[in-house]
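The values are calculated or read from the model by the stated rules, or taken from the named source; none is laboratory data. These numbers were taken from a predicted model, which means no experiment stands behind them. Backbone-built Cβ (ideal geometry, glycine too); neighbour counts: all protein chains shown. Quick note on the areas: whole protein, heavy atoms, side chains included, nothing else; ligands and nucleic acids left out. Shrake-Rupley method; radii C 1.70, N 1.55, O 1.52, S 1.80 Å.
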Amino acid sequence: MSSVSLSGVSLAYPGGQLGLADVDFTVRDGEFVALVGPSGSGKTTLLRTVAGFVRPTAGCVSIADSVVADPHRSLEPERRGLGMVFQQHAVWPHWSVGRNIEYPLKRAGIAKPERVKRVAEALELVGLAGYALRNPATLSGGQRQRVAIARAIVARPRVLLLDEALSALDEPLRDRLRLELRELTRELGLTVLHVTHDRAEALAVADRIVVLDGGRIQQVGAPAALLAEPSSAFVASFIADATVLTGTTDDMGFVSHESGLSVPAAALSAPGGRVSLPTGATDIAILPHAVRVVPDAEGTGRVVSSLFGRDGDDLVVDWNGVRIRSRVPGARCAAGTLVRLEVEQALIYPSSDARGSSPALTAGRSTVGA
Ligand code: ADP
Ligand code: MG
């Protein structure tokens with residue numbers, strides 16, 4: 001068993017900054033979990049807490065059912081059975097590839113012949129057989145990152161922690177390494193916690209995704225479930241580029257405060273199949289595929305951005321000052337076109353103001369920090 005559990009974990013930095021708040025979560029044995037969230041949401045803090053570089057101020061961390069950290073004690077990182085890969089400074093430039101990879105084995109006191117054998121195996125696993133004597137400076141960025149992965153797995157860790165491990169690489173290399181990493185970790189049966197700000201990457205590789213914001217878990221779920229049933233308007237906007245509007249809902253439907261955009265009651269649905277819709281102060285999340293943009297010389301909307309997409313243009317429509325995303329298969333529309341909008345479906349949530357949650361929740365929020 002090599003599950004990783006966080007139980008009621010909170011972490012405040014010495015300066016008082018909130019790192020994590022009441023995080024409860026288990027990465028199951030052999031599971032690949034992606035950790036996503038805006039910049040500053042606590043992703044790195046969570047990983048460093050599991051690794052043992054910082055200690056929780058409340059709660060505890062367990063690996064394979066034994067407690068490795070709580071506010072009073074903390075097992076050293078090198079005794080936690082972890083492999084780690086970070087975005088940068090991953091490989092020591094003055095050491096050969098082989099020496100880099102051998103290092104964790106040396107530290108563990110493993111004898112030379114076994115070390116040589118294991119380094120060769122690890123190189124083989126990451127597709128760099130025969131590279132042991134190479135100088136890292138002569139490798140490409142992708143190859144160097146493979147060296148870092150080889151070094152992280154050479155001591156046969158139970159758990160692999162990745163912090164933006166692929167983020168510095170360019171497509172299409174990143175895409176390939178992503179697939180290889182997934183295959184490799186499955187083959188080795190590793191439990192993986194993979195931090196990324198790339199939502200497409202998280203959706204592509206993870207068994208489950210954890211969405212963090214403000215140091216708190218917002219939702220945990222399989223990629224398909226997260227896309228279909230975001231538990232809040234924030235998650236819908238972060239994961240699926242949904243447009244979030246605040247307004248009022250009654251029997252007739254929803255009316256947005258800022259823009260006057262209305263959505264008929266028939267198009268409103270509550271995630272989780274709840275039958276009764278919230279009324280009064282509400283937020284709605286409109287997924288891009290559910291907004292049809294119809295050219296109309298009398299329309300209130302104007303297309304302010306049109307990016308070509310394989311299956312349809314990625315459109316941003318200005319509607320009385322609010323930006324609304326649309327991405328409908330087959331739809332093409334040039335910037336500048338006057339339009340009306342047909343919202344076919346919107347997810348509805350009780351107002352976040354009423355719940356006093358994230359101030360970052362604003363209409364049209366669609367960019368994601370690194
Ligand atoms: P992410 O990796 O999601 O971008 P971090 O875990 O790095 O987020 O940061 C979470 C919060 O903790 C941020 O508000 C950040 O400013 C703060 N923080 C991170 N590291 C430190 C530190 N060493 N000292 C004080 N505050 C920190
Ligand atoms: Mg980070």
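Please pick out the residue among Arg99, Arg134 that is surrounded by fewer than 19 Cβ atoms within 10 Å (Cβ to Cβ), modelled with pLDDT of 95 or more, in the same structural domain as Leu177 (by TED's automatic domain parsing) and assigned to a helix (DSSP H, G or I). The unique qualifying residue is Arg99.
Just so you know, in the range 27-37 the residues that are among the hydrophobic types (A, V, I, L, M, F, W, C) and either within 13 Å of ligand 2 (Cβ to nearest atom) or more than 14 Å from the chain's Cα centre (by Cα) (or both) include one that is surrounded by the fewest Cβ atoms within 10 Å (Cβ to Cβ), and it is Val27. Cβ separations smaller than 6 Å between residues 6+ apart or across chains give no pair from the range 193-206 residues that are assigned by TED's automatic domain parsing to the domain that holds Ile239 and farther than 19 Å from Thr26 by Cβ to residues that are within 16 Å of ligand 1 (Cβ to nearest atom) and open to solvent by less than 50 Å² (accessible area, probe 1.4 Å).
Pairs linking a residue in the range 162-177 that is in contact (Cβ under 8 Å) with a residue 12 or more places away in the chain and open to solvent by less than 40 Å² (accessible area, probe 1.4 Å) to a residue that is within 16 Å of ligand 2 (Cβ to nearest atom) and among the basic types (Lys, Arg), with Cβ atoms under 8 Å and 6 or more positions apart or on different chains, are Asp163/Lys43. Looking at Gly299, Gly330, Gly309, just one residue is surrounded by 11 or more Cβ atoms within 10 Å (Cβ to Cβ), assigned by TED's automatic domain parsing to the domain that holds Ala242 and free of Cβ contacts under 8 Å to residues at least 24 places away in the same chain, and that residue is Gly309. Do we have Val4 as more than 13 Å from ligand 1 (Cβ to nearest atom), open to solvent by 40 Å² or more (accessible area, probe 1.4 Å) and either under 22 Å from the mean Cα position of the chain (by Cα) or farther than 24 Å from Ala240 by Cα (or both) here? Judged against the criteria, Val4 is not a match. Only residues that are surrounded by fewer than 22 Cβ atoms within 10 Å (Cβ to Cβ) and either within 13 Å of ligand 2 (Cβ to nearest atom) or not hydrophobic (A, V, I, L, M, F, W, C) (or both) were counted in the range 190-207, giving 5.
Taken over the range 39-89, the residue count meeting the criterion of being open to solvent by 10 Å² or more (accessible area, probe 1.4 Å), of a type in the set (A, V, I, L, M, F, W, C), away from ligand 1 (no atom under 12 Å from the Cβ) and under 21 Å from the mean Cα position of the chain (by Cα) is 2. For the condition touching a Phe, Trp or Tyr at 6+ places or on another chain (Cβ under 8 Å), modelled with pLDDT of 95 or more and among the hydrophobic types (A, V, I, L, M, F, W, C), what is the one hit in Val61, Val68, Val36, Val23? Result of the check over Val61, Val68, Val36, Val23: Val36. Could you tell me whether any residue of the range 208-224 is over 18 Å from Gln87 (Cα atoms), more than 16 Å from ligand 2 (Cβ to nearest atom), free of Cβ contacts under 8 Å to residues at least 12 places away in the same chain and open to solvent by 40 Å² or more (accessible area, probe 1.4 Å)? Yes, the range 208-224 has at least one match. In the set Gly59, Gly37, only one residue is of a type outside the set (D, E, K, R) and under 27 Å from Ala204 (Cβ atoms); that residue is Gly37. The number of residues in the range 38-49 being touching a helix residue (DSSP H, G or I) at 6+ places or on another chain (Cβ under 8 Å) and either near ligand 2 (Cβ under 9 Å from one of its atoms) or without any contact (Cβ under 8 Å) to a residue 24 or more places away in the chain (or both) comes to 0.
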